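All of the numbers you see were taken from the coordinates with simple rules; none came from a lab. For clarity, every value in this text was computed on a predicted model and none was experimentally measured. In this analysis, Cβ positions are derived from the backbone assuming ideal geometry, glycine residues included, and neighbour counts consider all displayed protein chains.
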Amino acid sequence: MRSQVVPRKLILRSLAHIGIGAITILWVLPILWMLMSAFRDPGEPFYTGILPSHFTLVNFRKVLSNPIAVRSFRNSFVVAASAAAVDLVIASLAAYGFSRFRFPGHKGLQVMLLVVRLFPGVLLAITLFQVAGFLNVYDTHIPLILANALLNLPFATWNLRTTFEMLPIELEEAAWLDGATRIGGIRRILLPLMAPGLAATGAFVFLLSWNEYLFAVSFIRSPEKQLITATIAANIGQYNIDFTALIATAMLASLPLLAVFLLIQRYIVSGLGVGAIRG
Amino acid sequence: MFGKIAPGASAREELPKRRWPRINPGYLFIAPAVLLMTLLAVYPTFRGVNLSLLRTIKRTRETSYVGFANYTAMLADPIFRKAFKQTLLFSGFSSLGHIVLGFILALVMNAALNRRFMSMCRAVILLPWALSPIVVAIITQLWVYPLTSPITRVLRALGLSAEFAPLARTGSALWTLTAINVWQFTPFYMLMILAGLQTIDPGLYDAAKVDGASLVQRIRYVTIPHVREALLTSALFDLVTTAAYFDLIWVTTQGGPVRSTEVLATYTYRLAFWNMDWNRAATAGMILLVLCIATSAVVVVQMQRE
């Protein structure tokens with residue numbers, strides 16, 4: 001009896017694993033296709049084969065020697081890194097406040113974060129556009145940085161709050177007994193322990209800000225200040241597109257982030273869930 | 001006030017202490033976040049409300065207060081109604097796809113016994129979600145353009161010469177965008193649901209098995225009741241997020257052909273940044289905001305009740 005049951009279970013198990021693997025590969029097939037096509041010879045039309053007949057780096061050379069593309073990458077980097085830095089400071093303070101203190105309005109402010117998380121981007125673009133014109137910062141990166149920081153603030157706060165709550169208050173109390181101030185305790189005791197959480201949160205805010213398109217296309221007019229998403233999108237609609245160069249640009253704009261994403265994804269789940277809305 | 005000092009306590013000691021009202025230090029930590037939200041969300045919203053109550057004469061740039069006239073005019077506008085209906089269709093079916101497919105994927109992933117293999121597949125399947133909508137738009141464009149589309153090639157190889165241009169037809173464009181949205185975001189909901197599934201005590205399944213429950217019955221009576229709250233909450237938040245979805249639709253179809261993929265977000269954007277009709281754009285944006293807040297209020301009230 002036993003010898004019959006075990007192989008059947010084994011077969012079922014391996015079938016399940018093969019099934020999951022197949023679904024996974026099918027799901028990311030379009031991305032694999034994009035990665036392959038970035039190495040396609042620009043002279044080889046797509047209808048000659050789904051996969052390129054040989055691989056070449058000429059597309060990447062073309063993109064990296066295009067000053068507009070290179071500048072767009074740099075602008076995107078500046079905006080995304082600044083938004084991540086702003087959020088790390090503001091959100092870690094807020095997360096600490098929410099996790100260590102109870103005060104009137106605790107719940108109300110959580111709901112406010114939630115509303116910000118669900119705020120329609122297009123309405124924000126309109127109203128911030130008005131304010132940016134009023135403050136004379138239109139066509140600069142400042143409104144972009146602030147808008148991205150605002151939109152990702154809820155995620156960053158929730159994610160860091162969970163990280164703070166995993167560290168017992170006793171750690172801090174020990175530091176206070178040794179004469180540390182509250183800020184000193186946070187800086188010397190908590191922050192080093194939170195390094196992975198902070199890095200992952202910052203990296204994810206960076207990723208979302210890098211990927212953002214609506215604000216990038218609304219707040220910037222000058223081509224030399226354009227972010228990479230807006231630059232790519234402006235190329236999509238054109239008639240004689242250099243397909244392979246466009247794909248190579250897209251790949252350069254996404255591959256480094258996908259790699260980082262694979263490293264950090266396990267650390268960001270707690271900030272994503274709506275379960276993060278607690279008292 | 002001074003009379004209240006307890007006998008025996010010296011006034012010199014007591015007074016300086018009470019000069020500053022004691023603030024809960026929690027507020028100091030939250031203050032920067034509140035400041036950012038007030039300056040960038042609360043204040044602009046009030047400006048938005050104000051804009052939506054005005055009308056501007058284009059030639060003279062004169063503005064006048066018109067009350068809710070922009071709202072009544074907009075609700076009667078057939079294009080607005082079309083966009084509204086399509087928003088509900090797009091976000092409704094996208095969310096349905098996310099939750100149903102995400103639940104199935106999460107069940108399958110949760111059943112995989114090899115943890116390392118499962119977490120590897122989970123990470124890889126999440127990749128589309130980490131892509132910029134602009135990159136997804138490029139892939140989309142190349143997959144629906146006959147000269148570059150691998151799908152056209154496969155169809156030809158199968159002897160089907162049917163022309164494959166789903167974004168160019170009014171009947172299929174919105175459904176194609178829905179499918180792409182489902183492709184990109186289902187893994188995210190899978191992740192959320194999977195996190196819920198992993199909190200279920202495996203002993204419950206064993207107990208149900210001993211009682212003779214079939215696989216379907218175990219899912220129906222053990223799994224679903226445990227994650228139902230999480231599923232409903234995710235679905236409502238999903239509806240709200242997808243209702244405001246803009247990037248992919250704008251970059252691929254710009255609401256066309258013949259407005260067949262026009263949703264509230266693209267409609268609002270066009271009014272604002274193409275027609276520079278800020279009053280009507282703010283009106284449309286406020287309607288979208290009310291729709292989003294009303295839907296999420298249902299969730300918040302539900303969570304308070306728990």
Worksheet, complete the sentence: Place a point 7 Å from the Cα of A:Ala195 in the direction of its beta carbon; the residues of the stretch A:84-113 whose amide N falls under 20 Å from it are A:85, A:88-89, A:92-93
Worksheet item: What nm distance separates the two modelled labels at A:His106 and B:Phe117, each placed 7 Å from Cα along Cα→Cβ?
Response: 4.6
Discussion item. Please give the Cα centre distance for the stretch A:23-65 versus the stretch B:253-268, rounded to the nearest Å.
Written reply: 31
Item to complete: Under 11 Å from the Cβ of A:Thr201, count the other residues' Cβ atoms, weight Lys and Arg +1, Asp and Glu -1, and hand me the total.
Response: 0
Discussion item. Is there a quick way to get the dipole size of the stretch B:215-299? I mean about its Cα centre, with the Cβ of Lys and Arg at +1 and of Asp and Glu at -1; what is the value in debye to the nearest 20?
Written reply: 260
Item to complete: Kindly provide the helix-only [θ] at 222 nm of chain A, computed as the sum of -39,500 (n - 2.57) over DSSP H runs of four or more divided by all residues, to the nearest 500 deg cm²/dmol?
Response: -23500 deg cm²/dmol
Worksheet item: Whole-Å semi-axes of the stretch A:1-127's equivalent ellipsoid, largest first, each the root of 5 times a Cα gyration tensor eigenvalue?
Response: 43, 36, 14
Discussion item. With the cut-off at 1.5 for a/c, could you classify the stretch B:197-306 from its C-alpha gyration tensor as rounded, prolate or oblate?
Written reply: prolate
Worksheet item: Quick one: Karplus J couplings for the stretch A:137-151, per residue in order, coefficients 6.51, -1.76, 1.60, θ = phi - 60°, nearest Hz, x for Gly and Pro?
Response: 10, 5, 6, 10, 7, 4, x, 5, 4, 5, 5, 5, 4, 5, 5
Response to the item:
P(r) over all Cα-Cα pairs of chain B, 20 Å bins from 0 to the longest distance, whole percent per bin, short to long, reads 23, 44, 24, 8, 1, 0
Worksheet item: Once a ≥ b ≥ c are taken as the square roots of the eigenvalues of the Cα gyration tensor of the protein assembly as shown, is the result rounded (a/c under 1.5), prolate (a/b larger than b/c) or oblate (a/b not larger than b/c)?
Response: oblate
Worksheet item: In which sequence would B:Thr72, B:Thr253, A:Thr244 go, from the one with the fewest C-beta neighbours within 10 Å to the one with the most?
Response: B:Thr72, B:Thr253, A:Thr244
Worksheet item: Between A:Val70 and A:His54, what is the spin-label point distance in nm, taking each point 7 Å from the Cα along the Cα→C-beta axis?
Response: 2.8
Worksheet entry | Two-site FRET efficiency, B:Arg81 against B:Ala179, from Cβ-Cβ distance with R₀ of 22 Å, rounded to 0.05 | 0.35
Worksheet item: Taking the Cα atoms of the stretch A:58-276 alone, what are Rg (to one decimal) and Dmax (as a whole number) in Å?
Response: 19.9, 70
Worksheet, complete the sentence: The relative contact order of the stretch B:40-85, taking Cα pairs under 8 Å that sit 6 or more residues apart, comes to a percentage of 25
Worksheet item: How high is the FRET efficiency from A:Leu35 to B:Ile104, r the C-beta distance, R0 45 Å, rounded to 0.05?
Response: 0.95
Worksheet item: For A:Ile11 and A:Leu135 in one chain, what is 0.36 nm times their gap in residues minus the Cα-Cα distance, to one decimal in nm?
Response: 37.9 nm
Response to the item:
Surrounding charge for B:Tyr71, neighbours by C-beta under 15 angstrom, Lys/Arg +1, Asp/Glu -1, total +1
